[in-house]
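*Asks:* My questions will all concern the structure given below.
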Amino acid sequence: MNEIEDVDLLVIGGGKAGKSLAMDRAKAGWTVAMVERDKVGGTCINVACIPTKALVASARTLLDARRAAEMGIDIDCEPAVDLEKLRAHKEGVVGGMVSAHRTMFHDSGMDFIMGTARFVGQRTVEVAVNDGGTRVLRGRDVLVNTGTTPATPDLPGLAEADAWDSESILRLESLPESIVVLGGGYVGCEFASMLAVFGSRVTLLQGRDQVLPREDRDVAAAVADVLTAQGVDVRLGVRATAVRREGGHRDVVVTLDDGTQVRAEDLLVATGRTPVTADLDLAATGVELDERGFVRVDDHLRTSADHVWAAGDVAGSPQFTHASWNDFRVLKKILTGGDASTAGRLVPYTVFVTPELARVGLTETQAREQGFEVTVARLAVAAIPRAKTLRETTGHWKAVIDARTDEILGVALLGHESGEVVAAVQMAMLGNLTYHQVRDAAITHPTMGEGLNLLFDTVAEQLPG
Ligand SMILES: Cc1cc2nc3c(=O)[nH]c(=O)nc-3n(C[C@H](O)[C@H](O)[C@H](O)COP(=O)(O)OP(=O)(O)OC[C@H]3O[C@@H](n4cnc5c(N)ncnc54)[C@H](O)[C@@H]3O)c2cc1C
């Protein structure tokens, strides 16, 4: 065995929390080593948020071009997707961020090791270095930030069907004429929306009786309507029981539990994510996993092993980059002598269908289940002046208010740029503002944010007297 190299902080997996902590502590003068298997900068910038949102931006540009005439602009050709240029756009964005990360890692002073780590003892890993050879490193503190990968459902025929997952589909060489998307969660809905806008005939299969099962039924139904309007055939309450790729690499045929079949050129599987813990030998450092294979952590991101921490997707944090980034802030505070916790934090999110759904706080269902007396405010996006000027009038906003304190418990904003607006609601919630303080604030006109005045105006109308 190689000689053990001791460092102050050893980071396994360079996801959002890991790379942020590694750079921060290296700049502060700690000796830091970060081991990353194959993605400089982690999942988000290489194969998840950034490439998909670059493509969603292209889909939205196409929609804008299609309705240019409506806005008084003549374009004398039919706008079309050029897959080569689309790929160049996406790879330009991703490549720029990857190379910026290489520079930042180098400049921070950390030892950035491209290789695969596995635990061989207390706070000690052996790294199979990608360029050859092995190294053994031990951290005074160790952070596990190995993320998740696309889950593969146990579906007869799937292994032979040459199906895409959310990562491999980013390498598509031609746009399928038709595609089945298996799974109506956030990832499935985003791809279904984007591919339909690009011109594929999309069938979305969802085993549950609504897309986005964590959302209120009315909100999920509005998202399904958006997808349907884009041409997606949304099929709810149907489970795939088998998949078959017909000979000669022709169509994929998906058999459903209602006895029917769906046929398409391609299949995208978007049925959740699996934690990357199976090959880490975490038991060698005394780290316990839960029944689904995620690292068990407390509210301080402590694992069951002393001085071994876990963050991001692998630690069961909400599966968003900003949650992992927030984990970094919690850890930084703790490792530098302060105290911080993940308990009770607000983690908003945006589902980038077009228009997008932005969420923060409790759904109406959750609020009622938790015993809140609830007032619900609703607004059609078409009522917002900015939406009219943009001709982006699709969508509905919904707010859930604590009827006893008038504080905002949560919102679901389906509409143009709602991912930007939701941050304002989040700040109001963090500051414990009442809905009337938001209603009565003078918000720039005409902006989508101004819609918050209108949204909360509808509550006043509902109040007795
Ligand atoms: C299609 C898609 C779109 C998404 N869009 C969004 C979005 O718009 N907004 C959002 O907030 N979230 C989005 N997400 C979720 C987001 O990508 C994840 O929540 C986030 O990347 C998780 O980051 P992390 O810090 O947990 O680790 P990751 O970024 O997953 O990093 C883990 C790293 O560990 C490395 N690794 C694993 N095992 C080892 C090992 N043994 N040795 C060394 N290295 C190892 C991996 O190579 C990887 O780079 C999306 C996800 C998908 C799939």
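Laboratory data are not the source of any read-out in this text; all were calculated from the coordinates shown. None of the values given here were measured: they were computed from a predicted structure. Cβ sites come from the backbone with ideal geometry, for glycine too, and all protein chains shown count toward neighbours.
*Asks:* In a Debye calculation with equal point scatterers on the alpha-carbon sites of region 164-271 and no solvent, what is log10 I(q)/I(0) at q = 0.19 Å⁻¹?
*Replies:* Relative scattering, expressed as log10 I(q)/I(0), comes to -0.92.
*Asks:* Which value in deg cm²/dmol, rounded to the nearest 500, describes the helix-derived mean residue ellipticity at 222 nm for the chain, given -39,500 (n - 2.57) per DSSP H run of n ≥ 4 and division by the residue count?
*Replies:* Computed ellipticity for the chain at 222 nm equals -9500 deg cm²/dmol.
*Asks:* How many nm separate the modelled label positions at T228 and A380, each set 7 Å beyond the Cα in the direction of the Cβ?
*Replies:* Reported label-point gap for T228 and A380 is 1.7 nm.
*Asks:* If you average 1/r over every pair of different alpha-carbon atoms in region 355-461 and take one over that average, what Kirkwood value in Å do you get?
*Replies:* Final number for the Kirkwood radius of region 355-461 is 13.5 Å.
*Asks:* A further question follows. Quick one: divide the alpha-carbon radius of gyration of region 123-170 by 2.2 N^0.38 Å and tell me what you get.
*Replies:* 1.80
*Asks:* Give the order of I334, I73, I50, I179 when sorted by the count of other beta carbons within 10 angstrom, beginning with the fewest.
*Replies:* Lowest to highest Cβ neighbour count: I73, I334, I50, I179.
*Asks:* Another question, then. Antiparallel versus total DSSP beta bridges in the chain: what percent is that, nearest 5?
*Replies:* Taking every DSSP beta bridge within the chain, about 60 percent pair in antiparallel fashion.
*Asks:* Cross-link candidates for K53: which lysines have Cα within less than 20 Å, leaving aside residues fewer than 8 places away along the same chain?
*Replies:* Cross-link targets: K16, K39, K85, K90.
*Asks:* Next up: Along the Cα-to-C-beta direction of D258, a point sits 7 Å from the Cα; which residues of region 212-237 have their amide N less than 14 Å from that point?
*Replies:* Only 233-237 pass the distance filter.
*Asks:* A further question on this structure: According to the Cα gyration tensor, what semi-axes, each the square root of 5 times an eigenvalue, does the equivalent ellipsoid of region 60-132 have, listed from largest to smallest in whole Å?
*Replies:* 47, 14, 11
*Asks:* Please report the relative contact order for region 164-271, taking Cα pairs under 8 Å with a sequence separation of at least 6, and give it as a percent rounded to a whole number.
*Replies:* 33 percent
*Asks:* Measure of size requested: the Rg and Dmax of the chain, with Cα atoms as the atom set and Å as the unit; please supply both.
*Replies:* 23.8, 79
*Asks:* So the label point goes 7 Å from the Cα of I4 along Cα→C-beta, right? Which residues of region 125-140 then have their backbone N under 12 Å from it?
*Replies:* 125-126, 136-140
*Asks:* Subtract the Cα-Cα distance of V129 and R239 from 0.36 nm times their separation in residues, and report this length gain in nm to one decimal.
*Replies:* 35.4 nm
*Asks:* How much net charge surrounds G133 when only the other residues with a Cβ under 14 Å from the Cβ of G133 are counted, with Lys and Arg +1 and Asp and Glu -1?
*Replies:* Every neighbour counted, the sum reads -3.
*Asks:* Follow-up question, since we're still on this one. Let me check against my output: what whole-number percent is the relative contact order of the chain, with C-alpha pairs under 8 Å and at least 6 apart?
*Replies:* That works out to 13 percent.
*Asks:* To make sure I understand, if each residue's beta carbon is the centre and we count other beta carbons within 10 Å, what order do L335, L409, L433 fall in, fewest to most?
*Replies:* Ranking L335, L409, L433 by Cβ neighbours within 10 Å, fewest first, gives L433, L335, L409.
*Asks:* State to the nearest 20 debye the size of the charge dipole of the chain about its Cα centre, where the only charges are +1 on K and R beta carbons and -1 on D and E beta carbons.
*Replies:* Computed charge dipole of the chain: roughly 420 debye.
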